[in-house]
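Colleague: What follows is a structure written as structure tokens; I'll ask about it next.
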Amino acid sequence: RSKHEEIELVSLEEFYKEAPPEISRPAVTLSEPHQQTLARLDWELEQRKRLAEKYKECLTSKEKILKEIEVKKEYLSSLQPRLNSIMQ
């Protein structure tokens, strides 16, 4: 058994529909199961790299938003004492 057999790959229909021709190579992979598996693993790797990059971008965006929220919280917490002093 090979380690790749534990990976749940996309279905063949989805693979040939979504993968670019330079990865799927239907002329070769439709007749050769080994080449088909290799191509599907390449596509899986490509997808995972893309999703990992998107995840990093989302984390960066999240951190930026959290910093903005913290700055606004600080401003709002400092606003109450100023309002009290104005009211007095």
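Colleague: Taking Cα atoms, how many degrees apart are the long axis of helix 33-87 and the longest axis of the chain, rounded to 10 and kept between 0 and 90?
Modeller: 0 degrees
Colleague: Could you please state, rounded to a whole Å, how far the C-alpha centre of region 1-35 is from the C-alpha centre of region 47-88?
Modeller: If we compute the Cα centre of each part, the gap is 43 Å.
Colleague: Run through every distinct alpha carbon pair of the chain and return the Kirkwood hydrodynamic radius in angstroms, one decimal place. Please list the in-between numbers first.
Modeller: Numbers: mean 1/r = 0.0580 Å⁻¹.
That comes to 17.2 Å for the chain.
Colleague: Find the lysine pairs in region 10-85 meeting two conditions, Cα atoms under 28 Å apart and a separation of 8 or more places or different chains, and report how many there are.
Modeller: Lysine pairs meeting both conditions in region 10-85 amount to 18.
Colleague: Could you tell me which of L9, S85, H34 has its Cα farthest along the dipole of the chain towards the positive end, charges placed at Cβ (Lys, Arg +1; Asp, Glu -1), taken about the Cα centre?
Modeller: About the Cα centre, the residue reaching furthest to the positive side is S85.
Colleague: Continuing with the same structure: Nearest 500 deg cm²/dmol is fine: what mean residue ellipticity at 222 nm does the chain get from its DSSP H runs of n ≥ 4 alone, each adding -39,500 (n - 2.57), divided by its residue count? Present the calculation step by step, with values, prior to reporting the outcome.
Modeller: Numbers: 4 runs with 70 residues, N = 88.
Estimated from H runs of four or more residues: -27000 deg cm²/dmol.
Read-outs throughout are calculated quantities, based only on the coordinates presented, and are distinct from any laboratory measurement. Computed from a prediction, not measured in an experiment: that's the story for all the values here. Heads up, the Cβs are rebuilt from the backbone with ideal geometry, glycines too, and the neighbour counts pull from every protein chain shown.
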